[in-house]
1. Hey, could you check region 140-183 for residues that are farther than 14 Å from H124 by Cα and acidic (D, E) and say which is modelled with the lowest pLDDT?
2. Scan region 96-107 residue by residue and report those that are under 16 Å from V168 (Cβ atoms) and open to solvent by less than 50 Å² (accessible area, probe 1.4 Å).
3. Kindly provide the set of residues from region 19-65 that are among the polar types (S, T, N, Q), more than 14 Å from I3 (Cα to Cα), surrounded by fewer than 15 Cβ atoms within 10 Å (Cβ to Cβ) and touching a residue at least 24 places away in the same chain (Cβ under 8 Å), ordered by number.
4. Could you tell me which residue of region 120-173 is most open to solvent (accessible area, probe 1.4 Å), considering only residues that are within 19 Å of R99 (Cβ to Cβ) and charged (D, E, K, R)?
5. Restricting attention to region 93-108, which residues are closer than 23 Å to D164 by Cα and either within 8 Å of the chain's Cα centre (by Cα) or not in a strand (DSSP E or B) (or both)?
6. Note down all Cβ pairs under 9 Å where the first residue falls in region 143-157 and is closer than 20 Å to D113 by Cα and assigned to a loop (DSSP other than H, G, I, E, B), the second is open to solvent by less than 60 Å² (accessible area, probe 1.4 Å) and of a type in the set (A, V, I, L, M, F, W, C), and they're at least six residues apart or on different chains.
7. For the list (1) in contact with a helix residue (DSSP H, G or I) (Cβ under 9 Å, 6 or more places away or on another chain); (2) part of a helix (DSSP H, G or I); (3) not charged (D, E, K, R), I need the number of the one condition that T40 fails.
8. List pairs: first residue in region 162-173 and closer than 17 Å to G145 by Cβ, second residue of a type in the set (G, A, S) and open to solvent by 20 Å² or more (accessible area, probe 1.4 Å) anywhere in the structure, Cβ distance under 6 angstrom, at least six positions apart or on different chains.
Amino acid sequence: MDIGSNIRAIRKRKNITIAQICEITGLSQGFMSQVETNKTSPSISTLESIAKAIEVPLAYLLLKEDERMRVVRKNERMITTSGSDKLKVEHLSSTKKVRMRIVEFPSGASTGDLPYAHEGEEVHIVIKGKIYAEQGEDSGEFEEGDSFSWNACTPHIVRNIGEDTAVVLICVYAEKEGEQDFY
């Protein structure tokens, strides 16, 4: 963990001096310098004092880089195609276990010829159009604003039954990293 660099970056971004932190926390400037250069590891109670002084939650200082907020701007989204119907898939944001996608289904297009199963859980919301979704004995027709969810380990299929392109926002959760690939 690079806690010291995190502290230094936050401190500089907020225009707080080491002296100001030391005044608030009672720590010495030499000690704070060693913390910021990762030459010493402060106790949790000391980190808590530093976090208060720079006005961030203690938990934020403990986050690894890949655990922090990620931003994907609309014009930076990765776009792929999937399946025989070449569904357009816009990759939104993700964490280690959760992925969000916007999937466009041209009229008549589906996730495949046969129902498909994979690890994880899915939540869908129809943004535009009309779709049919089936999982085992459960099925339904869904229109703009409707949502549904399921455990993806049971075979399922989604098909556009409308005349226009359907757009579906899909969020997939999987316990293991990399197992939430879909569409």
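The values are calculated or read from the model by the stated rules, or taken from the named source; none is laboratory data. Computed from a prediction, not measured in an experiment: that's the story for all the values here. Note: ideal-geometry Cβ built from the backbone for every residue, glycine included; neighbour counts use all protein chains shown. Quick note on the areas: whole protein, heavy atoms, side chains included, nothing else; ligands and nucleic acids left out. Shrake-Rupley method; radii C 1.70, N 1.55, O 1.52, S 1.80 Å.
1. Filtering region 140-183 for residues that are farther than 14 Å from H124 by Cα and acidic (D, E), the one modelled with the lowest pLDDT comes out as E179.
2. Keep residues of region 96-107 that are under 16 Å from V168 (Cβ atoms), which gives 99-107.
Listed by number, the residues that qualify are R101, I102, V103, F105.
3. Q20
4. E121
5. Going residue by residue through region 93-108, those that are closer than 23 Å to D164 by Cα are 100-108.
Of everything in region 93-108, those that are closer than 23 Å to D164 by Cα and either within 8 Å of the chain's Cα centre (by Cα) or not in a strand (DSSP E or B) (or both) turn out to be M100, P106, S107, G108.
6. Matching pairs, first to second residue: A152/A117; A152/V172; A152/A174; A152/F182; C153/A117; T154/A117; P155/A117.
7. Condition (2) is where T40 drops out.
8. G162/G129; D164/G129; A166/G129
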